[in-house]
Structures are given as structure tokens and as C-alpha cells.
1. Which fully enclosed helices (runs of 4 or more DSSP H) of the range 295-387 have 3 or more residues being hydroxyl-bearing (Ser, Thr, Tyr)?
2. Pick out the one residue from Pro400, Pro383 that is surrounded by fewer than 18 Cβ atoms within 10 Å (Cβ to Cβ), touching a residue at least 24 places away in the same chain (Cβ under 8 Å) and in contact with a strand residue (DSSP E or B) (Cβ under 7 Å, 6 or more places away or on another chain).
3. Restricting the search to the range 236-280, which residues are of a type in the set (Ser, Thr, Tyr) and either modelled with pLDDT of 85 or more or within 23 Å of the chain's Cα centre (by Cα) (or both)?
4. Could you check the range 275-313 and list, in sequence order, the residues that are of a type in the set (D, E, K, R) and under 22 Å from Arg391 (Cα atoms)?
5. How many residues, within the range 399-418, are farther than 19 Å from Val67 by Cβ and polar (S, T, N, Q)?
6. Quick test for you: out of Ala198, Ala172, pick the one residue that is on the phi < 0 side of the Ramachandran plot, at pLDDT below 90 and buried (at least 23 other Cβ atoms within 10 Å of the Cβ).
7. Considering Ile90, Ile20, which residue is more than 22 Å from the chain's Cα centre (by Cα), over 30 Å from Ile123 (Cβ atoms) and buried (at least 20 other Cβ atoms within 10 Å of the Cβ)?
8. From the list Pro209, Pro233, exactly one residue is outside any helix (DSSP H, G or I) and either at pLDDT 90 or above or not aliphatic (A, V, I, L, M) (or both). Which is it?
Amino acid sequence: MGDLLAARLQMAFSLGFHIIFACVGMAMPFLMAIAHWRYIKTGDAVYKDLSKAWSKGVAIFFATGAVSGTVLSFELGLLWPEFMEHAGPIFGMPFSLEGTAFFIEAIALGLFLYGWGKIPKWIHWSSGLVVGISGVASGILVVAANAWMNSPAGFDYDPVSNTYSNIDPIAAMFNPAWFTQALHMILAAFTATGFAVAGVHAFLLIRKPANRFHQQAMRIALLVGGIAAFLQPISGDLSAKDVAVRQPAKLAAMEAHFHTEEYAGLLIGGIPNEETGEVHYGIKIPGLLSFLAHGDFKQEVVGLDQIPKDEQPPIAVTHFAFQIMVGAGTFLMMVALLYFFAQRFRPRWLGHKNFLWLIALSTPLGMLAVEAGWTVTEVGRQPWIIHGIMRTKEAVTPMPGIQYSFYTVVVVYTLLAVLVSWLMKRQVQTLAQNYDSMDEEIDLNQKRVHTKTEAID
């Protein structure tokens, strides 16, 4: 394994691990805040227990995300020193501000976890909301830095002397790609987290269908995840139009679009053959790619035939990742549509075992879509680390033996994943011991038996 491949794999593995915790950190506090708000408004203990249970999950993912995020920040300098030497002064501001948001999030989470019965209820609720707002702010700032790599701005570059001048950190942070990437990432985080949480509670409802704790938890999570899933195609359309202008090579790889043409068709599925420039087993919808890219069915879409070979991203990986992202996102949107229909017109469906299994089996799809989406973003930018300016191979460290660093990260992160999985499993298993409202199903059944006995008497 060469050093360049080892460095890329280590960065990909670290980011793929961390992004799960980043998504949960952005969305889960809002689920917690919604449950807490309902408790304040109704006094129903089930919402208080929900808020407390979810806050423990937030704490676990926050701690793990802090560790994995710190590793990523070190990896930028250790694996890509040439990149950081030039890029650090330009796009360093988002990372500095992200550190501030992180500290605010940590303080607010501490207030929420230990503030029960000690601070006024609305201040307590606000601290939980601040956790979510800070998490979203952190996500936006990190994505802004990544967007700069896709759409570099805020400096002048001289390729002859390889110098960067007239640096404007504000323009770099608010580069042309930051809004579309940040919007798409935030909605993805809420979709993925909402359906993951709903899936866990749906699985528990299969075993205890009358438990209000899991019923309300699933409904809150599906509400948040479902709304985000419906908004996601809008952000996807904005992103596609943006990529078509700034990174035509990435769009061509996403769609395995080998030949420049007008009235370009949108490809669904398919296996690209890079040698022949053909796609097998795919379905094309005529004109739709032109419309999605440019808002005009007849507009020309640049194909890979106009991109130099040494500037083309890996086509198969980018295409398959894009198809997985779109397929998983579309499926979750259809599940959300079914949920909203059942909520309004067929409430009994929500407790049916088939519906609960559908939600339970949807648990990993949102996170799968997130991972696939980031693969599209990062692999689709290759061979550039700064699009159009610095190639990835030019930025890698000259230090040998990077493959051993990669192996170490894989082992450590795997152990960390096992530990987090064990903690979350333990948290779910001890729900009935920690929260009185988990026994509500038993109480309701006892009341029904008592009512029937009185009626017989």
C-alpha cells in the first residue's frame, strides 16, 4: 500500500466514523428538546423520561464525537502538511469558530444533564435547545471548510510561484458552495438520525406494542426525520445545479455521463464501463439530467469526454455511491409519506406489526445515505484536494510508513465502535429500570382488567 492510498484511506475511515456522531450531535438534541417541551406543556411523565433517556444518548455520542473529531483535526496536519501550509491561513476561521461552538455545546449539555430540578424549567429547556443549535453551527462551519475545498475562494493564486495572496477568510468561509453543501448535510443529519431513533423504538414496540414511551418516541423521531426527508430533494436539486456549474467532472461521474450532449438523460442504476464509455443495465429518463443540472430540458450537459483523463474522478465509486444515496433517500421519503398518511387517515396502522417492521428495517438507511453522500463529495473531487489548484498527491506527507498509522486507526476506531454499541445497547436494555413510564403498559393492562372485573360484578 502506497503512502498516498494509506493517507486517503485513513482520512476516509476517520471521517466516515466521525460523521455518524456529527449527525447525531446535530439532530438528537432537538428530539430531546421537543420531548422536554411537551413535558413542560402537558406534565406527562412519559415526555420527561424520553427527554432524560435521549439526553444520555446525546452525552455518549457527544463524548465519542469529540474524540474522533480531535483525531481528524490532527490528521489534517500530519497527513496533508503541504495542504495545511497553504490552506490553513485561508480556511482556518471556520475551524476556530467550530471550536467555540463545541465549547458552548459542552457547557449547555452539562447544564441540561445536571439541571433537572435545580434551574428554572424554561432555562433548563433552553439549555437543551442550545445544545442542538451549537451542534448544527459546528456542522455548518466544518462543512463550510469542506465546501472551500470544492469551491476555493477568498485568495489570489499564482501557479508560477505557487503563492497565495490577498487572503480574505470571510470570503473563503462563505464560498459559493457553502450554503448548498451545509443545507444538504443538515437535512441529511436530521433524516438519518430521525429514522435511526424511530427504528430503534419501532423494534422495541414490536415486543411491547402498547408501550407509550416507545410510541411517543417513534412519533417524535418520525416527525423530525420525515419532514427532513421531504425537504432533502429540494436541497439535492440546489446541490446538483451548483455542482453542474462548478464541478462538471463530479456531476459527470455521479451520473456516469460519458458523452457531452443536449437533452441529457438522468441515469437510474447501471454499471459503468470506463474503457468503452458505456453504461449497462441502467434506466435513462430523457432530458431530466439537463433539467436538474440547468433548469432546461434541452441544455447541454458536459460529459467525461470533455474532461482530461488525469482530472477525472473515480467513476464507478462516485456513481455507485450517488445511486445508493439517492435510492436510500427516496425510500425514506416514501416511508415518511406513508407515516404522515397513516397519522392523518389510518392511525391504527401505526401500531401494526408490518408498519413497525418497516420502520425498524429503515434504521440504517439514513446513515448509509450520509456515508454514500460524503463519498460522492470527497471521491468526486479527486484528483484535487483544492479543486483546480492543488492535487491530492501533492499535499500528502513525505513521511514513510503511513499504512501502519492507518492500521492503528482502524483497530482503535473499531474498538471504540464496539464500546459505543455496547453502551447504547445497555442504555436501551435498562430503560425499564430507569424510567417509571416504561411500566405504563402494565398499568394500562391492569386498569383494563380491573374495569372488566367491575363490569362483571
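1. Those helices (runs of 4 or more DSSP H) span 315-345.
2. Pro383
3. Ser239, Thr260, Tyr263, listed by residue number.
4. Asp305, Lys309, Asp310, Glu311, listed by residue number.
5. 1
6. Matching residue, one of Ala198, Ala172: Ala172.
7. Ile90
8. Pro209
The values are calculated or read from the model by the stated rules, or taken from the named source; none is laboratory data. In this text the structure is predicted, and so the values were computed from the model without any measurement. For neighbour counting, all protein chains shown are included, and Cβ atoms are generated from backbone atoms with ideal geometry for every residue, glycine included. These accessible areas exclude ligands, DNA and RNA; they are computed on the full protein's heavy atoms, side chains included. Shrake-Rupley method; radii C 1.70, N 1.55, O 1.52, S 1.80 Å.
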